[in-house]
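Comments concern the structure below.
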Amino acid sequence: AQSVTQLGSHVSVSEGALVLLRCNYSSSVPPYLFWYVQYPNQGLQLLLKYTSAATLVKGINGFEAEFKKSETSFHLTKPSAHMSDAAEYFCAVISKYNNNDMRFGAGTRLTVKP
Amino acid sequence: DTEVTQTPKHLVMGMTNKKSLKCEQHMGHRAMYWYKQKAKKPPELMFVYSYEKLSINESVPSRFSPECPNSSLLNLHLHALQPEDSALYLCASSRPRLAGGQQFFGPGTRLTVL
């Protein structure tokens, strides 16, 4: 089965600083990759997804992610953190051979300091 | 309408009770999912229905019984649960034949088993 690994269970940044959340996938065939955000006591909201088109993917709320096959990575970035970005972020993967089987990374909690 | 709704929002039940969780979407999606999410953990896939047929069952105990009565509705019947089943239960939907199609998540039902 496909899997993703998120490095760092907790990331803390200052408001206005760069946000970098790391995600690596394990697959010889590039899968479909997603970043979701979850605010407390809510469901998951899609930030962006990679589906074999452009390797630099732009999402909502100023987030973007770059797919790097050579590094099997799909890291999430935002140039300038806002207090409202504080949340749990999940990287997720779907295999190209089983479109309905989504697997999540362990998650990264982002804290934004004023 | 790009919304997945779940009822109830909160549920408290005893170990001998029978209750049901309900999920509904009107986006025309023909794949629907149940996930279980414990605190500070990622969502774990429980069941997948594709075209109203159960396609994935992740070895979930029989005290959880899914049902997909039509293409818009997904239920999760609960019976004789254990306290360790307390969690946030998330429903999601997607277009099953869209390669790399994202899953749309509901807000979840917070279940507490006493």
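Nothing in this text is a laboratory measurement; each read-out follows from the coordinates by a stated rule. Predicted, not measured: the structure shown is a model, and the values here were computed from it. Glycine also receives a Cβ, built like all others from the backbone with ideal geometry; neighbour counts cover every protein chain displayed.
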Mind checking the mean number of beta-carbon atoms from other chains within 10 Å of the Cβ atoms in B:45-51? 2
Quick one: Cα centre-to-centre distance for segment A:15-47 and segment B:10-33, in angstrom? 26
Among A:26, A:36, A:87, whose Cα lies farthest out toward the positive end of the dipole of chain A, if unit charges sit on the beta carbon of Lys, Arg (+1) and Asp, Glu (-1)? A:26
What does the highest-first list of B:55-62, B:74-81 look like by mean Cβ count within 10 Å? B:74-81, B:55-62
For segment B:54-103, shape from the Cα gyration tensor axes a ≥ b ≥ c, cut at a/c of 1.5 then a/b versus b/c, turns out prolate
If you bin the C-alpha pair distances of segment A:1-111 every 5 Å from 0, what whole percents do you get? 2, 13, 24, 26, 19, 10, 4, 1, 0
Residues of A:92-103, mean number of Cβ from any other protein chain within 10 Å of their own Cβ, rounded to a whole number? 5
Assuming 0.890 mPa s and 25 °C, estimate D for chain B with Stokes-Einstein, Rh taken as the Kirkwood radius over Cα pairs, in µm²/s. 174
Let's see if you can work this out: charge +1 on each Lys and Arg Cβ, -1 on each Asp and Glu Cβ, no other charges. What is the dipole magnitude of segment B:1-42 about its Cα centre, in debye to the nearest 20? 400
Leaving out same-chain residues fewer than 8 places away, which lysines sit with a Cα under 27 Å from that of residue A:78? A:49, A:58, A:68, A:69, A:113, B:40, B:41
Where nothing but the Cβ of Lys and Arg (+1) and of Asp and Glu (-1) is charged, how large is the charge dipole of segment B:1-90 around its Cα centre, in debye to the nearest 20? 260
Would you look at the GNM of chain A, springs on alpha carbons closer than 10 Å, and say which of A:29, A:57, A:37 moves the most? A:29
10 Å Cβ neighbours from other chains, averaged over peptide A:36-45: 5
Cα-based Rg/(2.2 N^0.38 Å) for the protein assembly as shown, rounded to two decimals, is 1.02
